[in-house]
1. If a/c stays under 1.5 just call it rounded; otherwise compare a/b with b/c (prolate if a/b is bigger, oblate if not). Do that for chain B, with a ≥ b ≥ c from the square roots of the Cα gyration tensor eigenvalues.
2. Got a sec? How would A:Cys164, A:Cys177 order by Cβ neighbour count within 10 Å, fewest to most?
3. If you place +1 on the Cβ of every Lys and Arg and -1 on the Cβ of every Asp and Glu, how big does the dipole about the Cα centre of chain B come out, in debye to the nearest 20?
4. So, R0 is 45 Å and r is the distance between the beta-carbons of A:Ala144 and A:Ser34; what FRET efficiency does that work out to, to 0.05?
5. Place a +1 charge on the Cβ of each Lys and Arg in the protein assembly as shown and a -1 charge on the Cβ of each Asp and Glu, then give the dipole magnitude about the Cα centre in debye, rounded to the nearest 20.
6. Label point 7 Å out from B:Arg29 along Cα-to-Cβ: which residues of region B:203-227 have amide N under 17 Å?
7. Tally Lys/Arg at +1 and Asp/Glu at -1 over every other residue whose Cβ is under 10 Å from the Cβ of B:Pro260; what's the total?
8. When averaged across all projection directions, what area in nm² does the alpha-carbon convex hull of region B:99-238 cover?
Amino acid sequence: MTVSQALALSNAVECNQVILARASELEMALWRDSTGALHANQNRCPHRGMRLHFGFVRDDRLNCLYHGWSYDNQGRCKYIPAHPSHTPSNVIFLQTHGVQEAHGVIWKGQPPAMPERVAAMRSTPVRSVYVAAALARVRDAMSAALFSVADALQHVGIDDNAGCWLPAASGTVQYGCLYALQDAGEGKTGIHLAALTSPEATASPDWLLALSAQLQAVQLDVEGAAP
Amino acid sequence: MTKTTDPIALREWIVIGAITDVQQGVPYRTQVLGQEIVCLRDGDAFEVREAGSDLQPQRQVQVRTRYGHVWICFAEVPRPMIEVREFDDPRRRMITWGGVYVRTSPQRLVENFLDMGHFPFVHTGILGAEPVTEIRDYKVEVRAEDAEIRATECMFYQPRASMAADIGRDTSYIYRTSGPFVVVLYKTAEEEGEFDNIGMLVQPLDEEHCRVFGYTLLLEADTTDTEALHFQQTVFLQDRLILEQQTPRRIPLYEKNEIPARADAASIGYRRWLRAVGMQFGVLPQQAKEGASQ
């Protein structure tokens, strides 16, 4: 079974911006063009090895900060500023990675298949934290009672790296949350948390604050525990 | 790390500090090519020894002072130091930059210093600015007998080439790379027909960590030392951001790892020379694959 790999919350990268995204041993430059479409490339310019997330997005291309080499959304080098009238060789390109956005989270590859109830709910990004703990430890914490913000919620696993807290099917409560875990490498795990509400409702400030506080509590608990 | 065994690195004169950094009677401890050393000053006499794991002084190494800095060499027969005649010019005054710690290999630092292509992007509004990004062809000559790579006829438009510049102008550069750790450049000065002289002197602590020293020989009477130093530090700190984000830190010498453009002729010449002499220190082993450090 393939396991989902979250990279960030949707609101972590705006149009015409680039950020660093990690998936275990892999570093990516994750960027959004002017239309809002997401792209992920190897985080290393093949010219002189510069990390591309330090670069800039302009005219729907990712540009290296060091010498301005410019890459299109297929990863092909289209322009070398030192030689404006020269067409770059097609051997100069960036490896690209598939990314998708769903339920307020950016996923490497496919998003996980959501339970039907969740798929119908509205998702609002809350907060991401990076904790100094292994994935398994964080997985346990996020599915444990520790995270039961409201007593009316119960844990519903989606896959090894994602899950929800949802109201009992018969209850009147109409809110919950979705979490997605990221192996961020170097012993760190990312937790990306989104609030879930019924499609017509927006998440209340109280609920957003409660979720944010709960995430902080998990971080303190996990990092405080003996390795 | 222990002291490197690379003879190409060991035969070099290497800067360990500005002369004024080493105080009388106070042991000055630092690291060169992986080896801890200690320098003692008595008047204008300097003595440098390797330090053991207990930091006790051991084998004595050669030391000399020149160009405002203290230099050492581990080998018995050092490769001769670069000759910079401008130091004999009484109209010029020298400022030293102070040591800046940078997490990268000495060769990445040298290449950055040789490179004009980054001026509009890294030193925006100072040494370059879009849309003037084109690098016109220039000449590169490898003088193997002197371990010198010389890049000449380099021209670049600069909005503010120095502290004394108040308008943009075409600036002409000549670069002289001397061995793996030293680069001296000449660039058009504000005074008609004159060239400023600037040198970067890299102290490799180990393969991936350096301290960078340097000097500027100023002709500009209207610029204070402090102003010139601030200008230099502004520019260099912009470079450091880049240098610490290049992967891998050790320099790859093969084009399958990093693809150059024609504008990189000076860097190509430098890498070719590093390959020709078989340099190992600070160099990515050949079998390492693209992206292995990601």
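Computed from the coordinates by the stated procedures, all read-outs in this text should not be read as laboratory data. Since this is a predicted model, take the numbers as computed values, not measurements. Note that each Cβ is placed from the backbone with ideal geometry, even for glycine, and that neighbours are counted across all protein chains shown.
1. On the way: a/c = 1.79, a/b = 1.20, b/c = 1.50.
Because a/c hits 1.5 or more and a/b fails to exceed b/c, chain B counts as oblate.
2. Details: A:Cys164 22, A:Cys177 28.
Least to most surrounded, the residues fall as A:Cys164, A:Cys177.
3. Details: 33 positive and 44 negative charges, 186 e Å.
Taking the Cα centre of chain B as origin, the dipole is about 900 debye.
4. Details: r = 43 Å, r/R0 = 0.95.
Efficiency for this residue pair is about 0.60.
5. Working: 49 positive and 63 negative charges, 190 e Å.
That gives the protein assembly as shown a dipole magnitude of about 920 debye.
6. B:205-206
7. Working: positive: A:Arg48, B:Arg262, B:Arg271; negative: B:Glu255, B:Glu258, B:Asp264.
Around B:Pro260, the charge tally is 0.
8. Details: hull surface 34.0 nm².
Dividing the Cα hull surface by four gives the mean projection, 8.5 nm².
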